[in-house]
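*Asks:* Got a structure for you, written out below as structure tokens; questions coming shortly.
The values are calculated or read from the model by the stated rules, or taken from the named source; none is laboratory data. Keep in mind that what you see is a predicted model, and the values were worked out from it rather than measured. Cβ atoms come from the backbone with ideal geometry, glycine included; neighbour counts cover every protein chain shown. All accessible areas refer to the heavy atoms of the entire protein, side chains included, with ligands and DNA or RNA removed. Shrake-Rupley method; radii C 1.70, N 1.55, O 1.52, S 1.80 Å.
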Amino acid sequence: MLEIPTLTPVVVSTMNPPLKVTRVTDPAGLELLKDFFARVKKEQGGVIGWDIETSPLRDFYYRRIRTIQFGNLVEQYVIDLREFCQDGDELFKAQGNYGKNLTPGLKKVIEVIEPVLCSKDWLKVGVNLGFEYLNFYWNLGLRTWHYWCCAIVEKCIYAGASPLKRYATFSMSEMMERYFQLHIDKQYQESFTMDADLSDDQIAYAALDTRFPLAIRMAQMRILKGETY
């Protein structure tokens, strides 16, 4: 009988290396993020984790980005976009229509992240990055590119061995379970709104979504290189 591995819940306080999150809320935080981008490009070949959190609306037309996060295994940065607007209402109105309504505050954020997201000099690693592409194009007017989408890579690995429409197989939670026997708590996935303050747990959740895909990519690279089954 096939043994089902025991899953270990992810506990942020016991992670090694520890989670090191910087919440970006002002120009000083953007300067720290800019320095992070430069260091990653120089020391790690520009490989970074990338993710966003959006309002939990089913109608994509009205869905908006609340946080943008970048990171690696050592440090993570979570941009709270509301802090660059007067309030949640302004943040909502400033997005959409392919970035034609951007406020001065959001333009300052874009000045820092556009050279990274719209360039081949940084490899953006994540899961289901088509979602990020659509949100950045519609809400902020950015045509981002040069990705490593773990979901697409996983479909290439499993092509012919698993139905590609079995979508959960290629989710981040199932890949983390499959490769590392770790269970991810997704309770905060639909908790982000435009107006409410972000909790420490939400910030940690957002930061982890930049760290987990980098670990998945490492496992996928071993398979793609023929080093393991």
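*Asks:* Say whether the condition of being modelled with pLDDT under 95, assigned to a helix (DSSP H, G or I) and of a type outside the set (Asp, Glu) is met by at least one residue in the range 25-36.
*Replies:* no
*Asks:* OK, next. Just the residues that are open to solvent by less than 60 Å² (accessible area, probe 1.4 Å) and either touching a His at 6+ places or on another chain (Cβ under 6 Å) or not hydrophobic (A, V, I, L, M, F, W, C) (or both), please, taken from the range 89-122.
*Replies:* Matches in the range 89-122: Glu90, Gln95, Gly96, Gly99, Thr103, Gly105, Ser119.
Okay, residues lined up against (1) in a loop (DSSP other than H, G, I, E, B); (2) of a type in the set (Phe, Trp, Tyr); (3) under 25 Å from Glu227 (Cβ atoms); (4) open to solvent by 70 Å² or more (accessible area, probe 1.4 Å):
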position	(1), (2), (3), (4)
Met176	no, no, yes, no
Tyr179	no, yes, yes, no
Met194	yes, no, no, no
Ala204	no, no, no, no
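*Asks:* Separate question: Before we move on, is Leu198 surrounded by 15 or more Cβ atoms within 10 Å (Cβ to Cβ), at pLDDT 95 or above, among the aliphatic types (A, V, I, L, M) and over 14 Å from the mean Cα position of the chain (by Cα)? Quick ask: steps written out before the conclusion?
*Replies:* Details: surrounded by 15 or more Cβ atoms within 10 Å (Cβ to Cβ): yes; at pLDDT 95 or above: yes; among the aliphatic types (A, V, I, L, M): yes; over 14 Å from the mean Cα position of the chain (by Cα): yes.
Here the answer is yes, as Leu198 does meet what is asked.
*Asks:* From the list Cys149, Cys156, pick out the single residue that is open to solvent by 10 Å² or more (accessible area, probe 1.4 Å) and under 18 Å from the mean Cα position of the chain (by Cα). Walk me through it before giving the result.
*Replies:* Working: Cys156 fails: under 18 Å from the mean Cα position of the chain (by Cα).
Exactly one residue qualifies, and that residue is Cys149.
*Asks:* I'd like to verify a number: residues in the range 98-126 that are of a type in the set (Ser, Thr, Tyr) and under 20 Å from the mean Cα position of the chain (by Cα), how many?
*Replies:* Looking only at that region, the number is 1.
*Asks:* Output the number of residues of the range 115-144 satisfying the condition of being under 20 Å from Asn72 (Cβ atoms) and part of a helix (DSSP H, G or I).
*Replies:* So the answer is 5.
Per-residue answers, yes or no, for (1) in a loop (DSSP other than H, G, I, E, B); (2) open to solvent by 10 Å² or more (accessible area, probe 1.4 Å):
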| position | (1), (2) |
| --- | --- |
| Val40 | no, no |
| Ile48 | no, no |
| Asp51 | no, yes |
| Arg58 | yes, yes |
| Ile68 | no, no |
| Leu73 | yes, yes |
| Tyr77 | no, yes |
| Glu83 | no, yes |
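*Asks:* Turning to a different aspect of this structure: Restricting attention to the range 5-18, which residues are part of a loop (DSSP other than H, G, I, E, B) and in contact with a strand residue (DSSP E or B) (Cβ under 7 Å, 6 or more places away or on another chain)? Write out each step before concluding.
*Replies:* Pass one, the range 5-18, residues part of a loop (DSSP other than H, G, I, E, B): 5-7, 10-11, 15-18.
Listed by number, the residues that qualify are Leu7, Val10.
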